[in-house]
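First the structure, in the form of structure tokens, and then the observations on it.
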Amino acid sequence: MSAHTPHELHDEFPHDADALHRLKVSNAHFVELAERHHVVNREIHRIAAEIDAASDERLETLKRERLHLLDEIAAMIEQQEQGITPA
């Protein structure tokens, strides 16, 4: 397994680093979502790299969960960015 797990939040939202940081330090729900995404993403990566075994059904369930988490995180980023007033 490589040192870098693909699909981490900074990979998924490369242009939203500031919003990710602000949410991480100010929103407990975001922190929970980000942590769950990390856990699910790492599990998917380990299965894909054949480090851990899993059924196709389990892998697809994890992928759907990751997409759901990313959708929720994207919505939070959008709300965070809309709440910023231009300088």
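No value in this document is a laboratory result; all are computed from the given coordinates. What you see is a predicted model; the values in this text were computed from it and never measured. Virtual Cβ from ideal backbone geometry, glycine too; neighbours counted across all protein chains shown.
General remarks:
- Radius 13 Å from Cβ of Ala17, net charge of other residues (Lys, Arg +1; Asp, Glu -1): -4
- Total formal charge among the other residues, if their Cβ is under 14 angstrom from that of Ile44, Lys/Arg +1 and Asp/Glu -1: -3
- Estimated distance in nm for a label pair at Arg64 and Arg36, the labels positioned 7 Å out from Cα along Cα-to-Cβ: 1.5 nm
- About its Cα centre, the chain has a charge dipole of approximately 180 debye under the convention of +1 per Lys or Arg Cβ and -1 per Asp or Glu Cβ, with nothing else charged.
- Counting 0.36 nm for each residue step from Gln79 to Ala54 and taking away their Cα separation leaves a gain of 5.4 nm.
- Magnitude of the charge dipole, the stretch 5-44, Cβ model with Lys/Arg +1 and Asp/Glu -1, debye to 20: 120 debye
- Summed over all non-identical Cα pairs, the Kirkwood treatment of the chain gives a radius of 13.9 Å.
- Listed peptides 10-22, 30-42 by packing density, highest first (mean Cβ within 10 Å): 30-42, 10-22
- When the Cα positions of Leu9, Leu59, Ala48 are compared along the charge dipole of the chain, Leu9 comes out farthest toward the positive end, with charges on each C-beta of Lys, Arg, Asp and Glu.
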